[in-house]
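Scroll down for the structure; my scribbles are underneath it.
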Amino acid sequence: MNDSRELILGRIRERLGRSEANAPAAGAVIDATLAARAPGPRPPAEVAPQSLLAAFRARSEALASTVDEVATLADVPRAIAAYLAERQLAPRAVCVPDLAGLDWRGAGIEVEARAAVDRDLVGITGCFRAIAETGTLMLCSGPASPATVSLLPETHIAVATAPTIIAGMEEAWAAARAVFGQLPRSVNFISGPSRTGDIEQTIVLGAHGPYRVHIVIVRG
Amino acid sequence: MEIKSMHFKARAAAQLANAGLQANLKKVKGKFVDKRRDAIADFCAQGGDFEALREAGEDLRDRVLADLDLWLEKFEANATARGATVLWAKDGAEACRLIVDIAKQHDVKKATKSKSMLSEEAGLNQALEAAGIQPVETDLGEYILQINDNEAPSHIIAPVVHKSKEEIADLFARVHKKPRLTDIGEMTREAREVLRSHFLSADMGISGGNFLVAETGSVALVTNEGNGRMVTTVPKVHVVITGIEKVIPTLEDLSLMLRLLIRSATGQPISNYVSLLTGTKGEGDFDGPEHLYYVLVDNGRSNLLAGEFNAMLRCIRCGACMNHCPVYQAVGGHAYGWVYPGPMGSVLTPLFTGMKNALDLPHAATLCNQCGVVCPVKIPLPELLRKLREKQVEKNLRPLGERLALKAWAWVAARPALYHLGTRFAVRYLKWLAGGKQSIPVLGVAPEWTVGRDFPAPQGKTFRELYAQAKKS
């Protein structure tokens, strides 16, 4: 705690005309705002599962992500193996511990479940929620889902199950509050490959993060 | 950053005469404008109402500012509960001192930075260097400026918008000591490789903050490149340097502000990365900083609260005002001479650095209100610029010649007979200057006025003469 805290807050209180008389009412307004969590205006939310999936897929593809659909979780390793082969990428990946239990070896992919390091070229993650409004993946960090796996490798593959596709960010907050109670250290909303437009406003994919984002949706 | 705003006229003239800069500005002109327009059209096609969003954004920011003390305390309490240390800095110098102290305490040799305009206000890089700590800018644009002898940014979200790819290719070849590349994709890859090693070896990450969420004690970062994620994930220490006005109440409010900010800034429906960071590395976590500090900086902001310029504190730094400003588009960002260019910069620079340092900036606007209509939080920028002009007059800051001329005019205007005589003479003088033509190519008493345009010649009689005539008949 430094001296400037009191100086700055004192100046703010003086400018706002804060007094002992008006502080309790203002405090009540703050508490009410925090309790109400009133959403702002937003586009009409998709609700039907099929239209959520279709909207998420269309929006993701518009952001230069690629999307694949499989029937069950057990189909995921083979679908990813096919994607890697098609892109001529080596069948080697780092994956979040959450997905370590899938039969990667059976699909011919060598997978290590851990945090990513610089030399990892493919990172496979799950996805806490997928947002249809913008085609956005919501990843939450934790011991079973290190944040580096979606960041350091050149190719990021995310596995999303259909029931996790939701309409907008508001539903994502509600889910995070319900599941975690308090927010995980990092919540990353990822919308397509990393990009920059800094040189002559020309968009280049793969600035500091992945060059490619591939999403495998599990329908079942 | 050193203030050069007092030299606006000379700097603007130099930029207008700089053929290279004009060509670069022309190349990107309109790109941001078109993208923003398309993004809003797309949002409306989704059934969204962007005007309703702007109104809600304005209302939200005003509500926070009205109880800023309490919102900051709420943020501080919730951030602290998650293991962060919240520090306060009254000005840029104190912010630099605090951050250098943090770096020393954790034995930091290298700090990677994601973009922060406030760190430019404070001159943080210079302070770190003086203390023997290497700051590395990691936003591609900011990195280009840093390796070009710490050149100043010319736009708040596209810092090298004034540079051509050829200039950047020369710079990379010189600094990276590699063969000169001219493909933008290959150049970006080269910078990625250079910066990747810095990301992995830095002991401290420094970021700005787009929003502070009071409800959860979190900071939200909006980036496209992923550098914001890098500097807040890899190093053991993370420092957030941000202004005291950046707080918003809830996560729902964050959704609202993101819908507004990103469309207004880059014209994307959402940026590639939005990171919401709360507290330090948890038990069992593989990554994340062990130490997290917030440095909340005032640097002139609290002086604006609840006053005539309160609305300026709503600003969320999207850059839409400069993208749409005919003056900014003509002279570029460097002419403005400090951290913030364009209409928002013309308001902030005199308020933060002193009226006397930026006398020309409030006049460097046509008051066409393009900035006002695109501002996502509805800041009445032309009105604020006009107020600053009024302040200059009130505080006797206008040049002596202008003040005397206005005094003389007021004295004459208060004497109807004299005014009548004066206008009759003036009209005849102007007619004589026009020499029977429709316009005056060089205005005798104020030749500067006709440098880039003609002055229309008066036609017929004065209003007072016509009025007198009409009354008679």
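Only the coordinates and a few stated rules stand behind these numbers; no lab work does. No experiment lies behind these values; they were computed from the predicted model shown. Positions of Cβ are backbone-derived with ideal geometry, glycine not excepted, and every protein chain shown enters the neighbour counts.
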note = Amide H neighbours of B:F211 at under 5 Å, excluding residues fewer than 5 places away on the same chain, with H built from the backbone geometry, are B:A220
request  = Report, for chain B, the % of DSSP beta bridges that are antiparallel, rounded to 5.
outcome  = 30
Kirkwood Rh (inverse of mean 1/r, distinct Cα pairs), the stretch A:8-143, angstrom = 19.4
key: Distant-in-sequence amide H partners of A:T136 (H built 1.01 Å from N, under 5 Å)   = A:I131
note = For chain B, any Cys whose C-beta has no other cysteine C-beta under 4.7 angstrom counts as unpaired, and these are B:C44, B:C96, B:C315, B:C318, B:C325, B:C368, B:C375
query = At B:K177 and A:A38, where each label point lies 7 Å from the Cα along Cα→Cβ, what is the point-to-point distance in nanometres?
reply = 6.2
key: Karplus (6.51, -1.76, 1.60) ³J(HN,Hα), θ = phi - 60°, over the stretch B:103-112, in Hz, Gly and Pro reported as x   = 4, 5, 4, 9, 6, 7, 9, 9, 10, 8
note = Nearest-0.05 FRET efficiency for B:D91 and B:K471 at R0 = 60 Å, using Cβ-Cβ distance, is 0.40
Three semi-axes of the equivalent ellipsoid, the stretch B:80-204, Cα gyration tensor, whole Å, largest first = 29, 16, 13
message = Taking every alpha carbon pair in the stretch B:370-427, what does the distance histogram look like in 5 angstrom bins from 0, in percent?
response = 4, 16, 14, 14, 12, 13, 12, 8, 5, 2, 0
query = Got a sec to turn the phi values of the stretch B:247-255 into Karplus ³J(HN,Hα) couplings, 6.51 cos²θ - 1.76 cosθ + 1.60 with θ = phi - 60°, whole Hz, x for Gly and Pro?
reply = 6, 10, x, 10, 5, 4, 5, 4, 4
note = Sites removed, the longest contiguous part of chain B containing no DSSP-loop GluC sites (Glu not before Pro) with at most 15 other Cβ within 10 Å is B:3-282
remark   = To the nearest 0.05, the calculated FRET efficiency linking B:K236 and B:L367 through their beta-carbon distance, R0 being 41 Å, is 0.25
ask   = Could you name the lysines in cross-link range of B:K395, using Cα to Cα under 27 Å and dropping any fewer than eight places away on the same chain?
value = B:K4, B:K9, B:K90, B:K356, B:K387, B:K407
key: Charge dipole of chain B about the Cα centre (unit charges at C-beta), most positive-ward option of B:L433, B:L98, B:A330   = B:L433
remark   = Mean separation of Cα contacts under 8 Å (at least 6 apart) over the residue count of the stretch B:404-472, i.e. the relative contact order in percent, is 24
query = Taking Cα pairs under 8 Å and at least six residues apart, what relative contact order does the stretch A:74-197 come out at, in percent?
reply = 24
Cβ-Cβ FRET estimate between B:D34 and B:Q438, R0 fixed at 41 Å, reported to 0.05 = 0.60
query = Given H placed on each backbone N at 1.01 Å, which residues far from A:A158 in sequence or on other chains put an amide H within less than 5 Å of it?
reply = A:T125, A:H214, A:I215, A:V216
ask   = In nanometres, what is the gap between the two model label sites at B:E390 and B:R403, each 7 Å from Cα along Cα-to-Cβ?
value = 2.0
message = Along the charge dipole of the protein assembly as shown, pointing to its positive end and built from +1/-1 on Cβ of Lys, Arg, Asp and Glu, which listed residue (A:V179, B:G444, A:G108) has its Cα farthest out?
response = B:G444
request  = Would you work out the charge dipole size for the stretch A:19-172 about its Cα centre, treating the Cβ of every Lys and Arg as +1 and the Cβ of every Asp and Glu as -1, and quote it to the nearest 20 debye?
outcome  = 140
inquiry  = Which one, B:N396, B:L361, B:L418, is farthest towards the positive end of the dipole of the stretch B:358-448 when Lys and Arg carry +1 and Asp and Glu -1 on their Cβ?
reply    = B:L418
query = How far, in degrees from 0 to 90, does helix A:169-180 lean away from the longest principal axis of the Cα atoms of chain A, to the nearest 10?
reply = 90
key: Within chain A, longest stretch free of exposed trypsin sites (Lys or Arg not before Pro) [DSSP loop, at most 13 other beta carbons within 10 Å]   = A:120-218
note = Going residue by residue through the stretch A:23-36, the Karplus relation 6.51 cos²θ - 1.76 cosθ + 1.60 with θ = phi - 60° gives ³J(HN,Hα) values, rounded to whole Hz and with x marking Gly or Pro, of 4, x, 5, 5, x, 5, 4, 4, 4, 5, 4, 5, 6, 6
request  = Rounding to the nearest 20 debye, state how big the charge dipole of the protein assembly as shown is about its Cα centre with +1 on each Lys and Arg Cβ and -1 on each Asp and Glu Cβ.
outcome  = 3200
ask   = In percent, how large is the relative contact order of chain B, given Cα pairs closer than 8 Å and 6 or more residues apart?
value = 20
ask   = Between A:Q50 and A:A175, what is the spin-label point distance in nm, taking each point 7 Å from the Cα along the Cα→C-beta axis?
value = 2.1
message = From the gyration tensor of the Cα coordinates in the stretch B:339-439, what semi-axes in whole Å does the equivalent ellipsoid have, largest first, with each one equal to sqrt(5λ)?
response = 35, 19, 13
ask   = Among the DSSP beta bridges whose two residues both lie in the protein assembly as shown, what percent are antiparallel, rounded to the nearest 5?
value = 35
Degrees, to the nearest 10: A:76-86 long Cα axis against longest axis of chain A = 70
message = In whole Å, what are the extents of the stretch B:49-302 along the principal axes defined by its C-alpha atoms, from largest to smallest?
response = 55, 47, 39
